[in-house]
1. Out of region 208-223, which residues are of a type outside the set (D, E, K, R) and part of a loop (DSSP other than H, G, I, E, B)?
2. For region 66-97, how many residues are in contact with an Asp or Glu (Cβ under 6 Å, 6 or more places away or on another chain) and free of Cβ contacts under 8 Å to residues at least 40 places away in the same chain?
3. Select from region 181-207 the residues that are part of a loop (DSSP other than H, G, I, E, B) and either free of Cβ contacts under 8 Å to residues at least 12 places away in the same chain or among the acidic types (Asp, Glu) (or both) and list them in ascending order.
4. Would you call Gln162 outside any strand (DSSP E or B), open to solvent by 50 Å² or more (accessible area, probe 1.4 Å) and under 30 Å from Pro261 (Cβ atoms)?
5. Of all residues in region 89-125, which are in contact with a Gly (Cβ under 8 Å, 6 or more places away or on another chain) and polar (S, T, N, Q)?
6. Return the only residue of Arg217, Arg234 being surrounded by 16 or more Cβ atoms within 10 Å (Cβ to Cβ), touching a Leu at 6+ places or on another chain (Cβ under 9 Å) and of a type in the set (Lys, Arg).
7. Report whether or not Asp89 is over 22 Å from Gly145 (Cα atoms) and either hydrophobic (A, V, I, L, M, F, W, C) or loosely packed, with under 12 Cβ neighbours inside 10 Å (or both).
8. Residues that are among the hydroxyl-bearing types (Ser, Thr, Tyr) and in a strand (DSSP E or B): does region 245-259 have at least one?
Amino acid sequence: MKRSLLSLLLLMGLALTCGAQGQKVSLRFLSDGDPVAHKKEVTAIVSGQRTVITPQGDGSEYLIPVGANVEMQLTAADGYVDYLWFDGDKEISRSYNLKSYEIQNLTTSKTIRVDCRKLIPVKFICPAEGSKGKEVNIDEQDDYGTVIAPEADGDTYMLPLQGSVYFDSGVDDNHFVLRWLLNGGATFPGKPDIFFKQNVPEGFELEVQFYKAGETRTVTYTQPSTAIIRCKNRGQYDSPEIESGSTVDPGDEILFEIAPPDNPSGKVELHHWEVNGEPYMLGEEYYTDNSLSIYAFTDLDVTAVPMEEYEAPEIHLNLSAEQVDFGSVAIGETKSQSVTLTTEGATMPVLLGLRDAVPSLSFTPERLPSSGGEITITFAPTRREAVSTELLLKSGETIVTLPIIAQGTTALDTPSSETLPYRIQQSEIVWLEEVVATIYTADGRLLSTGTYSAGSVFRLPASGVYFVELQNHRYKVIVR
């Protein structure tokens, strides 16, 4: 009786074990991002036995024996990286470029997602003097993660597109961050030792500049004759007023304000401010507000020019051609001409524009430096047209014009008489076969257009030159 009961229990245990081994759970293994083929492989490990699992349906679902250990491998396509791994909605720790991930004793359905991103080149420029060594880290779980090594040039890093990244300047104890420059131009308003950038875009460039402990910048300003400039250091507590020739900390924000001598709260009509000998610009225009705030990254030498003190310089814009004449250009063809601009006395850039918008006309560049340069004008007609307009060139208040004339025409053929579908008989065109034709005078005046049957005659009004247009070709007809 005891032996029979023991046998029964063993059989029941074996049945339960076999049932468990027969059960399966769903594992979804997803790769997000661009629709690019990344190589995935899932292996189930049961009692030391490894089995590669074939995906189901859309290629992302894998049926795994209950209780198995699971190993997931992902090889990103060329030019991509497995940016971060997620278990459900939870980011997996230290998962940048992980390649593989293992789950022990899988008993319930689970979703593992890998965010694959395109790798893009990003420049990070940091001076060697003043840095203990720059470093670039991927943001993982809102903290410093994987360190990215630079490319051979030492400044380029391959980073995930739209990823979050820390750029560490590594500034040493004898230096301070002066400023961060974005894409070679804009200055970031803060001065952290470490720059954090979310959603890194293509073409992103970052540069950090330092200054030595104890360095200063000198601020000087020149008073105009008809107004008073006052200067404050906003980089210091309570924004103290400072005299011309004062020294400030590098990067301090300096405020310049101008007012009438007898009315500190009054307004002055300004022509422009000058900073370090150059007009201070807001886009393409002079900056004319009565207050100017600027950072002392370098020494500053500032003055203001009230309108009543402004003397317009004599500016000459000299073009190498009096006009551009393209003549006749066949439809579908392109013709370009170059003109050189030289300047005298110009301090502002030269802006270019057409007096009339003409789709078939274009020019480059749209802006030249104050010293001038070469302009390329292109005519590319898509229809028959006569063009007459002007290219305008403006520097400050000086404007010069360059007339442009062009004619868009169909191609002019000179075939042998045997190929012509007509013949000239005194002042008549005799059609030798049925044609669709347009007839116009030498000055472009339309005479007739339509379908002409074989044997029909069209009488020309007088002697002279005419054009016959057939199937996008133009033939010259001379009647004597």
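The values are calculated or read from the model by the stated rules, or taken from the named source; none is laboratory data. Please read all numbers here as calculations on a predicted model, not as lab measurements. No Cβ is skipped: glycine too gets one built from the backbone with ideal geometry, and neighbour counts run over all protein chains shown. Surface areas here come from the heavy atoms of the whole protein model, side chains and all, with no ligands, DNA or RNA. Shrake-Rupley method; radii C 1.70, N 1.55, O 1.52, S 1.80 Å.
1. Filtering region 208-223 for residues of a type outside the set (D, E, K, R) gives 208-211, 213-214, 216, 218-223.
Residues satisfying the conditions are Ala213, Gly214, Thr216, Gln223.
2. Result for region 66-97: 2.
3. Pass one, region 181-207, residues part of a loop (DSSP other than H, G, I, E, B): 183-185, 188-193, 198-204.
The answer is Gly185, Phe188, Pro189, Gly190, Asp193, Glu202.
4. Working: outside any strand (DSSP E or B): yes; open to solvent by 50 Å² or more (accessible area, probe 1.4 Å): yes; under 30 Å from Pro261 (Cβ atoms): no.
So Gln162 does not fit the description; no.
5. Asn105, Thr107, Thr111
6. Details: Arg234 fails: surrounded by 16 or more Cβ atoms within 10 Å (Cβ to Cβ).
Only one candidate qualifies: Arg217.
7. Details: over 22 Å from Gly145 (Cα atoms): no; either hydrophobic (A, V, I, L, M, F, W, C) or loosely packed, with under 12 Cβ neighbours inside 10 Å (or both): yes.
Judged against the criteria, Asp89 is not a match.
8. We begin by selecting, within region 245-259, every residue among the hydroxyl-bearing types (Ser, Thr, Tyr); these are 246-247.
Add one more test, that the residue is in a strand (DSSP E or B), and what stays is 246-247.
Yes: region 245-259 contains one or more residues that are among the hydroxyl-bearing types (Ser, Thr, Tyr) and in a strand (DSSP E or B).
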